1. Filter segment 426-455 down to residues that are in a helix (DSSP H, G or I) and in contact with a Lys or Arg (Cβ under 8 Å, 6 or more places away or on another chain) and give me whichever is nearest to residue 718 (Cα to Cα).
2. Check segment 296-305 and report whether any residue there is in contact (Cβ under 8 Å) with a residue 60 or more places away in the chain, surrounded by fewer than 23 Cβ atoms within 10 Å (Cβ to Cβ) and out of contact with any Leu (no Cβ under 8 Å at 6 or more places or on another chain).
3. Looking for whichever is aliphatic (A, V, I, L, M), within 21 Å of residue 229 (Cβ to Cβ) and at pLDDT 95 or above here; the options are 83, 119, 109, 61. Which one fits?
4. Being out of contact with any Leu (no Cβ under 6 Å at 6 or more places or on another chain) and in the same structural domain as residue 513 (by TED's automatic domain parsing) narrows it down to one of 92, 101, 21, so name that one.
5. Condition first: surrounded by 21 or more Cβ atoms within 10 Å (Cβ to Cβ) and over 25 Å from the mean Cα position of the chain (by Cα). Can you find one or more residues in segment 185-198 that meet it?
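The values are calculated or read from the model by the stated rules, or taken from the named source; none is laboratory data. Bear in mind that the values here come from a model prediction, so they are computed numbers and not experimental data. Backbone-built Cβ (ideal geometry, glycine too); neighbour counts: all protein chains shown.
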Amino acid sequence: MTTVEERPHTGFGRTLRKEDVRLVRGKGNYVDDVRLPGMLHGALLRSPYAHARILSIDTSAAEAMPKVLAVITGETLKGLGLAWMPTLSYDVQAVLATDKVRYQGQEVAFVIAEDHYAARDAVELIEVDYEPLPAVIDAKKALDPDSPVIRDDKENQADNHIFDWEAGDQAKTDEVFANAEVVVAEDILYPRVHPAPLETCGSVADMDPVTGKLTLYTTSQAPHAHRTVYALVAGLPEHKIRVIAPDIGGGFGNKVGIYPGYVMSIVGSIVTGKPVKWVEDRSEHLMSTAFARDYHMRGEIAATKDGKILGLRVKVIADHGAFNATAQPTKFPAGFFHVFTGSYDLQAAHCSVTGVYTNKAPGGVAYACSFRITEAVYLVERMVDVLAYELKADPAELRMKNLLQPEQFPYTTQTGWEYDSGDYPKALQLAMDMAGYDELRREQAEKRERGELMGIGVAFFTEAVGAGPRKHMDILGLGMADGAELRIHPTGKAVLRISVKTQGQGHETTFAQIVGNELGLPTADIEVVHGDTDQTPFGLGTYGSRSTPVSGAATALVARKIRDKAKIIASAMLEVSPDDLEWAGDRFHVKGDPEQAKTIQEIAMAAHSSLELPEGIEGHLDATTVYNPPNLTYPFGAYICVVDVDPGTGGVKVRRFIAVDDCGVRINPMIVEGQVHGGLADGVGMALMQVIAFDEEGNHLGASFMDYLLPTSLECPSWELGATYTPSPHHPIGAKGVGESATVGSPCAVVNAVLDAIKVRHADMPLTPAAVWGAMQGRPIRT
Ligand code: CDP
């Protein structure tokens, strides 16, 4: 197939990123850069306990401090009916604790002062009398009858149970398992990790006492959804709320939800009549904002003796922390976990997921993945390797034998997904060729003879991105469609307004490229406006790699509307029928006569001129649209990781990483590769070094980057990337999302490589040197 890079005049290709003109010069404008006249500063007092009753709070010393304007507690909020706020999963979460604290780091009081330092100092003077309670830390024990009930604020909540959810055909799956020649089971933990964007969360609220309009500058991946939630909670009409998400220093799912700090900056501005800024520090961020994963899985795989996989069965305990604040489509409390059948042709599958409360921070967000797909892919790709281990089969060959074949698409999985398109064997074969797979296995065998531990890990993944069709998907009742508005100025320069919000992934460039591709306008002539609810159409924001599949489609379609209108105007200009015109990439010309042509710029000027326009055609060259995707898009990939393990220390060196990704048509291959690089680094981090751990009392053990380790270039190899191109049949430009593919596919490839090196069937992440050493000795270590 011809790659997009080879096509002329498309607008697609390796264009440098427009936003980098400001971002790489340090001229970005982040929330903490916002400074408004008279602005005050807020700081939060947080709980030192994971579970404790609040007996009393004394704020007098803090209030008496110079520069302090107000100290707000949960009791103050209770009086205003604001002590609790709704979560995105139909639960409630304390804005400031009133009765109890339910995790370490929970918000207890808010100080407003003239400067940040005074606010932080005053926080230290607040005295809280706590009665410590036993903490529930182990998700598997959360439902024990003697476990303390965390959510005694809720009526009819007698235990720590949140939900039970299942997908697939249980009876059929049980039958397949009963008749299978081989059944292998494994306990697999996807530990709690944190998205850890470099910019922490923050907001500046400015309630204008005269107009009654609230302007909120905030770290939000979903400004429109946030605005509607604030409108519903505060009873303010939406036109009296303006949410501005300026530049964002990484989101990764962490900035989808609404945090108490945002709400408190608003309350603070209402109380003081002045703008109030709140920006958390790194420890606050790691302790209290949305975590990811924390899935405790019991997987089972059924197969024939010669390695034909027949079925998958999995039971999950999902640790959701103290409040169920996960962000995912309403119908799916376990997100898209039921995509766990992966890339294989199975006879049956069944999963059941039980959500539980524990004394940990809420969240459970899709950290760089589409709603729990990372957990699902990790499960299936570990189980396939566990099967290979038992059958003494080669993991790449076992996968090749079971992958879906190109002619099976569109393919409906045993749990109801309709995969749109794919050529899986081609991608795996390419990865194996790039790796030199057979040669690597020979090298491994030779090294084993010398006592050297080299491992080769294989993973294949299918993602489901672009949430989603309105009839299946909403968040808090809001359908997941996205709007786009395009205006062509008289001189042919354009402004595109979109509802999604870039957090560094280059929308200002790629969305301009989509318009350029449709209309033949130079990318430099197209401004992309985003992240301001007063300036952009409604839509649900950026997460789950949904921007290109949903908003990118809206962008292509709105440009096509403009092109249709431009054709009619061109026909008037050239005095021919529209049917006699042909589109030539950037102009309409008379069929058979390329000289008789009007460029899109000439047409734009004519649309604003005194030219008499055809009947029914309004002036100007503007259009709007709303795109409701008919299906998700299903990018996929084949990853191979090569590691060397130090037999003396258990230390792991990732020597090579080959990643073949297929996200259909690539708008900007350079940006796609950048997205893949980041996701692969994420995977190395999760596989080898990251975990948000707690001690038995619920003390958080990873509240700084000294303890919660981010991978650096030292831990990452030089990535070897490959691509196949299978367009999505239903996306207007054939693009599938890609932002999160690598985060989804890579952790398992690294883990499979390490376990292959030490010849161990399973060990849980993170595979720190101690964990690898323990596994080598047959003594699993859980960090
Ligand atoms: O929703 P999010 O932007 O995080 O994910 P995405 O839609 O997968 O896009 C990530 C970046 O890669 C955006 O700048 C996309 O426009 C770009 N991309 C691309 O150039 N070609 C694709 N087929 C998919 C994404």
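1. Kept after step one, since they are in a helix (DSSP H, G or I), are these residues of segment 426-455: 426-435, 437-449.
With in contact with a Lys or Arg (Cβ under 8 Å, 6 or more places away or on another chain) added as a condition, the list becomes 428, 435.
Values: 428: 20, 435: 13 Å.
Once the filter is applied, the top-ranked residue is 435.
2. yes
3. Working: 119 fails: within 21 Å of residue 229 (Cβ to Cβ); 109 fails: within 21 Å of residue 229 (Cβ to Cβ); 61 fails: within 21 Å of residue 229 (Cβ to Cβ).
Of 83, 119, 109, 61, the one residue that is aliphatic (A, V, I, L, M), within 21 Å of residue 229 (Cβ to Cβ) and at pLDDT 95 or above is 83.
4. Numbers: 92 fails: in the same structural domain as residue 513 (by TED's automatic domain parsing); 101 fails: in the same structural domain as residue 513 (by TED's automatic domain parsing).
Being out of contact with any Leu (no Cβ under 6 Å at 6 or more places or on another chain) and in the same structural domain as residue 513 (by TED's automatic domain parsing) holds for just one of 92, 101, 21, which is 21.
5. Checked segment 185-198: no residue is surrounded by 21 or more Cβ atoms within 10 Å (Cβ to Cβ) and over 25 Å from the mean Cα position of the chain (by Cα).
Matching residues to (1) more than 27 Å from the chain's Cα centre (by Cα); (2) within 16 Å of the ligand (Cβ to nearest atom); (3) part of a strand (DSSP E or B):
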{"position": "606", "(1), (2), (3)": "yes, no, no"}
{"position": "611", "(1), (2), (3)": "yes, no, no"}
{"position": "619", "(1), (2), (3)": "yes, no, no"}
{"position": "637", "(1), (2), (3)": "no, yes, yes"}
{"position": "654", "(1), (2), (3)": "no, no, yes"}
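One line per residue, one yes/no per condition, for (1) of a type outside the set (Asp, Glu); (2) modelled with pLDDT of 95 or more; (3) in contact with a strand residue (DSSP E or B) (Cβ under 6 Å, 6 or more places away or on another chain); (4) not in a loop (DSSP other than H, G, I, E, B):
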position	(1), (2), (3), (4)
681	yes, yes, no, yes
698	yes, yes, no, no
715	no, yes, no, no
721	yes, yes, yes, yes
727	yes, yes, yes, no
780	yes, no, no, no
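Okay, residues lined up against (1) in contact (Cβ under 8 Å) with a residue 24 or more places away in the chain; (2) within 30 Å of residue 139 (Cα to Cα); (3) buried (at least 19 other Cβ atoms within 10 Å of the Cβ); (4) more than 10 Å from the ligand (Cβ to nearest atom):
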| residue | (1), (2), (3), (4) |
| --- | --- |
| 661 | yes, no, yes, no |
| 667 | yes, no, yes, no |
| 688 | yes, yes, yes, yes |
| 694 | yes, yes, yes, yes |
| 699 | yes, yes, no, yes |
